[in-house]
Amino acid sequence: MVFNTRHFTLSSRLKLLLTLCAISLLGCSRSEETGQCTAAPLAPVRQVIIIGIDGLRTDAVSPVLTPFLSKLAESNGLVWGRVDVSNGRTQQTFSAPGWISVLTSSWASEHGIVDNDSRGPVKSQTVFERLQTRRADSRSMLITSWKPLYDLVEGRLRETSGLHHAAFLRKNDAAVEQEVLTTWPTCQPDLAFIHLDAVDDAGHKGAFDPNDPGYAAAVRETDARIRRLWEKAFASPTAQGARPQRLVFFVSDHGGIGNKHGRFSETERWAPVLAISPAGYPAVKISELVDVGQASLDFVQ
């Protein structure tokens, strides 16, 4: 599509800009936010960070493809676990039900999101709401580039008054990383969910297979991105110089076979998980996908 703007009036140019924003996949609607993540008055004593790596297969976690995450586990005396995201082949292995299960500590039979076409509402309370009920001064954050997830969670939270919650929809994983690095030093939420989508995107474009060049490259890139976030944000002191006790989860929502997922093959229904506890805190045991949200609440309440 080619436009000749030489004879456009100001009004015409404004109309053109609005049209381009409306039709562009990289357009204006891909950058949204709700709430304001203002500076925390006090640094939290305890903090939970859930990093969701969409579409990461269990066999993609290796010293070759995920050198940082592999060394992080080893240095903490841990091994990666795995969870059945299908709840015994009763929940389809799509992203929306998987992530909502993490964020509500409940399965699709309870929260009502059965596939990626489910528009909600989410029937179960989110961990953000449950934390607010337990601690009125708690603060939470969600950052993602996947609009269906953003819409499902924020659609529910809009009905919750008094919630100290900031949510950001960004263009891609690079923009998510930049938002974290910009916001994290001063915001310091008690509970944060950060969603990275590049691995899943590569799987759909090529194959959910560590031997697929595009998928492997996306896994390596995501590992490098997490290393930067860890070094520049999650392992750093707050703006006040404090170092909260941080519990960090790395978890996926599904694997894949070919360039798809949603059913119950072994490579679709098993996903990797790792929980890194602060020094002196007992190791967190995660045996089911829904345990991540509950363990998060147990730690920060």
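Determine whether Ala216 is out of contact with any Lys or Arg (no Cβ under 6 Å at 6 or more places or on another chain), farther than 18 Å from Val83 by Cβ, free of Cβ contacts under 8 Å to residues at least 60 places away in the same chain and part of a helix (DSSP H, G or I).
No.
Restricted to the stretch 121-136, and to residues that are outside any helix (DSSP H, G or I) and not polar (S, T, N, Q), which residue is surrounded by the most Cβ atoms within 10 Å (Cβ to Cβ)?
Result: Val122.
Give me a count of the residues in the stretch 164-182 that are crowded, with 19+ Cβ neighbours inside 10 Å and in a helix (DSSP H, G or I).
Residues in the stretch 164-182 being crowded, with 19+ Cβ neighbours inside 10 Å and in a helix (DSSP H, G or I): 5 in total.
Count, please, the residues in the stretch 219-232 that happen to be out of contact with any strand residue (DSSP E or B) (no Cβ under 6 Å at 6 or more places or on another chain), over 22 Å from Arg46 (Cβ atoms) and touching a residue at least 60 places away in the same chain (Cβ under 8 Å).
The qualifying residues number 5.
Give the stretch 145-191 a look and list any residue that's within 16 Å of Ala40 (Cα to Cα), among the hydrophobic types (A, V, I, L, M, F, W, C) and touching an Asp or Glu at 6+ places or on another chain (Cβ under 8 Å), or say none.
Leu163, Ala166, Ala167
Give the number of residues within the stretch 70-94 that are touching a Leu at 6+ places or on another chain (Cβ under 7 Å) and part of a helix (DSSP H, G or I).
Result for the stretch 70-94: 1.
What are the residues in the stretch 137-163 that are of a type in the set (Val, Ile, Thr) and either at pLDDT below 90 or in a loop (DSSP other than H, G, I, E, B) (or both), if any?
Thr160
Given the criteria among the acidic types (Asp, Glu) and part of a helix (DSSP H, G or I), does Asp223 qualify?
yes
Scan the stretch 260-267 and tell me whether some residue there is surrounded by fewer than 18 Cβ atoms within 10 Å (Cβ to Cβ), touching a His at 6+ places or on another chain (Cβ under 9 Å), over 22 Å from Ala108 (Cα atoms) and at pLDDT 95 or above.
Checked the stretch 260-267: no residue is surrounded by fewer than 18 Cβ atoms within 10 Å (Cβ to Cβ), touching a His at 6+ places or on another chain (Cβ under 9 Å), over 22 Å from Ala108 (Cα atoms) and at pLDDT 95 or above.
Just give me the residues in the stretch 28-63 being out of contact with any Ser or Thr (no Cβ under 9 Å at 6 or more places or on another chain), under 30 Å from Phe208 (Cβ atoms), outside any loop (DSSP other than H, G, I, E, B) and at pLDDT below 80, in sequence order.
Once the filter is applied, which keeps residues that are out of contact with any Ser or Thr (no Cβ under 9 Å at 6 or more places or on another chain), under 30 Å from Phe208 (Cβ atoms), outside any loop (DSSP other than H, G, I, E, B) and at pLDDT below 80, the stretch 28-63 yields Ser29, Glu32.
Show the residue pairs meeting these rules: Cβ distance below 7 Å; 6+ apart or different chains; first residue within the stretch 21-44 and farther than 19 Å from Met141 by Cβ; second residue in a loop (DSSP other than H, G, I, E, B) and modelled with pLDDT under 75.
What qualifies is Cys21/Gly27.
The values are calculated or read from the model by the stated rules, or taken from the named source; none is laboratory data. Values in this document were obtained by computation on a predicted structure and should not be read as measured data. Every residue, glycine among them, receives a Cβ derived from its backbone with ideal geometry; neighbour counts consider all protein chains shown.
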